[in-house]
Each structure stands twice: as C-alpha cells, then as structure tokens.
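Novice: Before anything else, here's the structure in question.
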Amino acid sequence: MNFTFNFPTRLISGEGCLTANADLLALGRHALIVTGRSSAKRSGVLDDLLPLLDAAGIAYTVFDRITENPPILTCHAGGQIGHEVGADFVIGIGGGSPLDAAKAIAAFAANPAIAPEEIYDAEKRAVPSLPIIAIPTTAGTGSEANPYSILTLPDGLRKKTFTAPESWPRYSFLDPRYTASLPVAATVSCALDAFAHAIESYLSAKSTVVSEQMALWTAGQIWPILAARPTEYTPAMRESLLYAATAAGIAISITGTGFPHPLGYSLTLLDGVPHGRACAVFDGDYIICNARTERGAARLAEFARAAGTDLDTLARELPALSEVDFRFTEAQIAERVELIAGAKNYANSPYVLSKDEIYAIYRAHFAK
Ligand code: NAP
Ligand code: FE
C-alpha cells in the first residue's frame, strides 16, 4: 500500500476556466506560444487567450510549426526562437504533439547552445527549462498531466522520450469546449490512446493506489462512449473523455506504458497511423498475452469490470476500432519490428514479449 505521489501540475477544469483564472497566466513577461498549424485557432483557444495576454500586458510570440509526432529538430528551432525573442515562459496549445513539443522547446530556450540530441543529457542541459502552461485541444495523450515529451529523432524513424523535473506543466487548463472541433475519427484515436494508457498502467508492476484509481476511473468513463461508436460527440461526452484522458496521463506519470505503445510506433512513423489507433491494433495481443499470467489475469478482469464489459469484448473490439488493415511483405515486417525491438516498455507488463513473439504478432496482423 506504500506509495509516493509527486504531482506538481495544477489542473484547472471547466468551461471558461482559462478566462476565469487569467491571473495565473502571469508566469512571465513574454510567452512563447507553441502550437500546430491550425488547432489553436480551430479550437478557439487563441481567441480566448490573446486578449487575456494583451490585457495583462504580457508580450507573446506564436511558434506554430509543430507537426504530428513532433520532430526534435523543429523543437530545437522553436527553442532558438524562444531564446531570441526573450521568452520567459511557454504556453503549449494543441494535442499531444504541441504539448510534448512545448516541454522540449522550454528546455531548448533555456539552453540555446546545446545540440538537438543533447537535450537528453541532464549535464549539458544545465539550465532549468522555462515554466510551461498546457492547454489541451484533444482528449488522449494526458501530456497536460505528465512530464513526458515524445520526440521524433532526426532519422524520422524512431521516437525517444525526453523528460526533466521542470517538464511538468505549472498549470493545465482543461476546457472540454476546446476539443469540440476535433473530427470524429481523431476523437476515437485519442480516446483509444487514453484507454491504452489506462490498461497498460493498471497492469504495470509500478502501479500504486493512485495510478490504479485513475486507470479504473478512466476505463469506466471511456469504454461506454467508445463502445457506442457515436457519430457525433455531445459536450457531456467531450467532458468525460477529456478528464479521463487527463486521469490516464496521471496514471502513466507513475507507471509508464506497456507494449502496445512501442509496437505501435512503427505504424505511426512509417505508415502514418495516428498514435491512438496504432496502439489499439495491439491491445488484443496485450490482453491475450497478459491473461496468461496470474497478475495479468486478475488485473484484466478488474479492469474489464470497471469498463463495464468483459475481456473478450475488449480484446476483439479495441483492435477493430483501430480500423488499421495493412498487408506487409516479410521484409517490411522485419523493418518495422527491428525499429521497435529495443524499447524499455516491454519490461513494463506482467507478460514480457520476446523478439520472436513480436515478429509473430506482426505477422499475424499483417503478413501477405
Ligand atoms: P496531435 O498529433 O497533437 O494532433 C493530431 C491532429 O489533430 C493535428 O492535425 C491537429 O492539428 C489536430 N487537432 C488537434 N486539436 C484539434 C481540435 N481541437 N480541432 C481540430 N483539430 C485538432 O494528436 P494527439 O493524438 O493528441 O497527440 C499525439 C502525440 O502525442 C504523439 O506524438 C504521441 O507520441 C504523443 N503522446 C504523448 C504522451 C505523453 O504522455 N506526453 C502520451 C501519448 C502520446 P494541428 O496540426 O493544427 O495541431
Ligand atoms: Fe500514448
């Protein structure tokens, strides 16, 4: 029952929470706003935020070059700009890509002389990152509630997680209205990501009473919505998904993720499959493998009960919801498996996959 729980982020939720708490924006005198091409505008965040910054006399520079699966090189460039304009804090707006990028940019802006991959070296990254505010516009990654920043390395083929003690957002504003413009297909993908976080966290040996409660609550919030396959999302559904995704983000801040995550990375980077769907492809394998272990079987049964369903349904429906259907040659399978074979996440599930089993799983899904 013993646990430690470090949660330095203040979460502020509800419709209008940004405007109602505008005084919290004064983390500095010049904000670097980090976002994607259009999500900050389409979600309505910029319309709310910029007048508040103007009224508070806070200068800002918008860096809107973040693409999906943020490249470390773009983050490095963003950090240089943050340094040049004299930004003293960062506001990340968007899905997991801009929020993760904001954490890296906050580190590069404070350490403008380091090379891109030196961000992973705490000694080179000597100056603490600039403070960060996160405003999510998707309900999925939970980046607003953890210190992880998942960056695509310069080869474009691999992802590597950056984290620093200051990478936790100081404040995260959770307004479900900002997720309303997210199209249905992307909403499903993000919900699948949050659900994967919950189940992978719940089975991890690192789970604590805090992460467990977050994971089980997430399961009960998300599954009924995913299972109903709505063609439109009501404000109440958007609210449930956003807060559940944040809860699952807290859960993985304690435990990390399990093997559907690395298995999915190849499909995302080589085949363009959105992150949540790429994980969901392998959720059935995750359930079947872990059910062979004593801990896995017991935990999975509790998790399915909390979701309001049974394990067979989850093992069947999660991969079906991914809607991923590729056929690969043996060489393409080998290329994908070799890219992800070394990930640390494999050790974070009751059932630890061997490389041969990773090949077998890929062949079972994708062999021609
Ligand atoms: P995303 O890559 O941030 O965004 C996907 C797409 O949705 C983009 O085209 C984006 O537009 C658009 N979008 C975002 N919000 C919108 C809105 N409200 N209305 C309309 N369009 C909107 O998607 P994501 O699934 O949230 O994030 C995935 C990334 O997070 C991956 O890089 C993954 O590795 C990472 N991740 C991080 C964690 C963590 O713990 N930190 C956990 C899981 C995954 P724009 O291009 O304009 O932004
Ligand atoms: Fe994820």
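Derivation of every value follows stated rules applied to the coordinates shown; laboratory data play no part. The structure displayed is predicted, hence computed values, not measured ones. Don't worry about glycine lacking a Cβ; one is built from the backbone with ideal geometry, like all the others, and counts go over all protein chains shown.
Novice: Bin width 10 Å, alpha-carbon pairs only: give the P(r) of region 171-288 as whole percents, running from 0 to the bin holding the largest distance.
Specialist: 15, 45, 35, 6
Novice: Then there's this: How far, in nm, would the chain grow between Arg316 and Asp356 when pulled straight, counting 0.36 nm per residue and subtracting the alpha carbon separation? Before the final figure, lay out each step's value.
Specialist: Details: separation 40, 0.36 × 40 = 14.40 nm, distance 2.30 nm.
Contour length minus the Cα-Cα distance gives 12.1 nm.
Novice: In addition: For region 237-316, what percent of Cα pairs sit more than 21 Å apart?
Specialist: 37
Novice: Which order do peptides 62-72, 89-99 fall in by mean Cβ count within 10 Å, highest first?
Specialist: Numbers: 62-72: 20.4, 89-99: 29.2.
Put in order of decreasing packing, that is 89-99, 62-72.
Novice: Could you sort the peptides 197-208, 324-335, 39-50 by per-residue average Cβ neighbour count (10 Å cutoff), highest mean leading?
Specialist: Taking the mean over residues of other Cβ atoms within 10 Å, the ranking is 197-208, 39-50, 324-335.
Novice: While we're on this one: Compute the separation of the alpha-carbon centres of region 29-48 and region 182-255 and state it in Å as a whole number.
Specialist: Taking the Cα centre of each part, region 29-48 and region 182-255 sit 25 Å apart.
Novice: For region 27-148, what is the per residue volume of the convex hull drawn over the alpha-carbon atoms, in cubic angstrom?
Specialist: Value for region 27-148: 90 Å³ per residue.
Novice: Let me ask something else about it. Let me know the Kirkwood hydrodynamic radius for region 11-62, please, with Cα pairs as the basis and the value in Å to one decimal.
Specialist: 11.7
Novice: Compute the distance in nm between two label points, each set 7 Å from the Cα along the Cα-to-Cβ direction, one at Thr61 and one at Ala347.
Specialist: Once both label points are built, they end up 4.1 nm from each other.
Novice: How fast does the chain diffuse by Stokes-Einstein, in µm²/s, taking the Kirkwood radius from C-alpha pairs at 20 °C and 1.002 mPa s? Don't skip to the answer; put the middle values down first.
Specialist: Values: Rh = 20.6 Å.
In µm²/s, the coefficient is 104.
Novice: Can you give me the angle between helix 45-56 and the longest principal axis of the chain, using Cα atoms only, in degrees from 0 to 90, rounded to the nearest 10?
Specialist: For helix 45-56, the angle is close to 30 degrees.
Novice: Calculate, for His30 and Leu153, the FRET efficiency according to 1/(1 + (r/R0)^6) with r their C-beta to C-beta distance and R0 25 Å; round to the nearest 0.05.
Specialist: Numbers: r = 30 Å, r/R0 = 1.19.
Plugging the Cβ-Cβ distance into 1/(1 + (r/R0)^6) gives 0.25.
Novice: Taking 7 Å along the Cα-to-C-beta vector as the label spot, tell me the Ala20-Ser181 distance in nanometres, rounded to one decimal.
Specialist: Rounded to a tenth, the inter-label distance reads 2.3 nm.
Novice: Next question. Convert each backbone phi in region 265-279 into a coupling constant with the Karplus relation 6.51 cos²θ - 1.76 cosθ + 1.60 (shift: θ = phi - 60°), then list the ³J(HN,Hα) values in order as whole Hz, x for Gly and Pro.
Specialist: 4, 4, 5, 6, 7, 9, 10, x, 7, x, 3, x, 5, 5, 5
Novice: Shifting gears a bit: Could you work out how much longer the chain between Lys160 and Val85 gets when fully extended? Use 0.36 nm per residue separation minus the Cα distance between them, nm to one decimal. Walk me through the numbers before you get to the answer.
Specialist: Details: separation 75, 0.36 × 75 = 27.00 nm, distance 2.79 nm.
Length gained, Lys160 through Val85: 24.2 nm.
Novice: Could you calculate the FRET efficiency of Arg292 with Asn6 from 1/(1 + (r/R0)^6), where r is the beta carbon distance between them and R0 is 41 Å, rounded to 0.05?
Specialist: The calculated FRET efficiency here is 0.75.
Novice: Please report, in Å, the Rg and the Dmax of region 307-347, where both are computed over Cα atoms only.
Specialist: 14.6, 41
Novice: Continuing with this model, one more query. For an R0 of 51 angstrom, estimate the FRET efficiency from the Cβ-Cβ distance between Ala301 and Leu50 and round to the nearest 0.05.
Specialist: 0.55
Novice: Report the percentage of all Cα-Cα pairs in region 96-198 whose separation exceeds 19 Å, rounded to a whole percent.
Specialist: On the way: 2421 of 5253 pairs.
Taking all Cα-Cα pairs of region 96-198, the fraction more than 19 Å apart is 46 percent.
Novice: Note the full-extension length gain between Ala115 and Asp325 as 0.36 nm times their separation in residues minus their Cα-Cα distance, in nm to one decimal.
Specialist: Taking 0.36 nm per residue and subtracting the Cα distance, the gain is 71.7 nm.
Novice: If you don't mind, there's one more thing I want to ask. Mind checking which lysines have their C-alpha under 30 Å from Lys344, skipping anything on the same chain fewer than 8 residues away?
Specialist: List returned: Lys103, Lys124, Lys159, Lys160, Lys206, Lys355, Lys368.
Novice: Right, here's the next one. Go through region 335-348 residue by residue and turn each phi into a ³J(HN,Hα) via Karplus (6.51, -1.76, 1.60, θ = phi - 60°); whole Hz please, and just put x for glycine and proline.
Specialist: My calculation for region 335-348 gives 4, 6, 5, 5, 4, 10, 5, x, 4, 6, 4, 4, 6, 9 Hz in order.
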